[in-house]
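Below is one structure, written out as structure tokens, with a few remarks after it.
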């Protein structure tokens, strides 16, 4: 039985290596062939080794505490595992044995014996101007050849960003699609009795407060090019929609309509129009306006409440929430307001629609048995899947730019915080620990 089991394992490994080789050949020829998907079994993930990045001394800096090398490994490990395509070698004995060798050499036999398919290595060193350089390389262990190499330079405070960029390059090399490691998430967090906007890396690092309006801020949303934000604020006594220029810090009202409540503003995919909710004559409806402030157009006219618009990736349709059935449900209409169609039929209260960047699915928050959970439904109705369960109230889903992950808020630890997960519901990770809670995440486009 032992010999049979060994032969079976060797045969399985040979098949995995053959599949990997096919993927690498396709990548080198310019073709795109995804090696695996998030739903595949863990055993089919590409097994990758990531040693700690090592410091190369030079005349500018002769010594280093090695902490940056540990940070790089931790960040790269997180990025690659969260992508869903890789499993990371954890055998410290292997790393210890290979660390004793010359660090700019590649111990092919040892890595092969450890059962890895690929190797990601990095070295960092000081360069003039008080900056640092990071050299990263990706190797095919089975072929014993380098697949990719790149050099990043900058100040030490963007060291993690350089590592994230390399992670995205590794993911692209194996899948033909860029990763999301270099993306960011904006969210609302408490500051005293107010809520302000905060910005962070997608993995929860480098949290930075970006507004000091000293009011209640809700519903941040990115522009498609990542240079502006939309949000709702109460600082003019009533809730209104505003734009924030991330480069200049300028805040401007979306609509000059004193006394009319505006909320839930979101850019169209081309950035030319903005859909939002406005209350006029005591009724909430969906409107659009051009991004320069002209062409205000009302889209919905029912006596019910319509809110929370979300554009389709092609800009031709808008998903939104309406309580026409008596309880809030998701509807879809054309971008000019015509042909509204009900999209959800399950759940007691459905809200927060978020259209997938690939256009095939909508994520939303659904209340069932008096608690909210995240649900994803295909546009054609072929699949409707609840992806959170038994963990507090889960709301405000926001898609990653590749359409394979979601950010959302959850009360599972008591205080509302931001989490990220694979769109399958796997790998749910808390990425904020804000003292007053964190709300309404919005995942950036790729930087």
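The values are calculated or read from the model by the stated rules, or taken from the named source; none is laboratory data. Every value quoted in this text rests on a predicted model; they were computed, and no experiment measured them. Please note: Cβ atoms are built from the backbone with ideal geometry, for glycine as well, and neighbour counts cover all protein chains shown.
Structure data summary
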{"item": "Checklist (1) on the phi < 0 side of the Ramachandran plot; (2) in contact with a strand residue (DSSP E or B) (Cβ under 8 Å, 6 or more places away or on another chain); (3) in contact (Cβ under 8 Å) with a residue 40 or more places away in the chain applied to residue 337, failing item", "result": "(1)"}
{"item": "Among the candidates 304, 263, 291, residue that is over 28 Å from residue 225 (Cβ atoms) and assigned by TED's automatic domain parsing to the domain that holds residue 223", "result": "304"}
{"item": "Complete set of residues in the range 346-358 that are outside any strand (DSSP E or B) and either surrounded by 15 or more Cβ atoms within 10 Å (Cβ to Cβ) or touching a helix residue (DSSP H, G or I) at 6+ places or on another chain (Cβ under 8 Å) (or both)", "result": "347, 356, 357"}
{"item": "Long-range neighbours under 7 Å by Cβ, at least six apart or interchain, first residue outside the structural domain of residue 317 (by TED's automatic domain parsing) within the range 360-389, second modelled with pLDDT under 95", "result": "none"}
{"item": "Residues within the range 192-205 that are more than 15 Å from the chain's Cα centre (by Cα) and either part of a loop (DSSP other than H, G, I, E, B) or on the phi > 0 side of the Ramachandran plot (or both), tallied", "result": "2"}
{"item": "Residues (under 19 Å from residue 313 (Cβ atoms) and not in a loop (DSSP other than H, G, I, E, B)) located in the range 359-393", "result": "361, 362, 363, 364, 376, 377, 378"}
{"item": "Matching residues in the range 207-230 - criterion: being in contact (Cβ under 8 Å) with a residue 40 or more places away in the chain and assigned to a strand (DSSP E or B)", "result": "218, 219, 220, 221, 222, 229, 230"}
{"item": "Single condition residue 325 does not satisfy, out of (1) at negative phi; (2) modelled with pLDDT of 95 or more; (3) not in a strand (DSSP E or B)", "result": "(2)"}
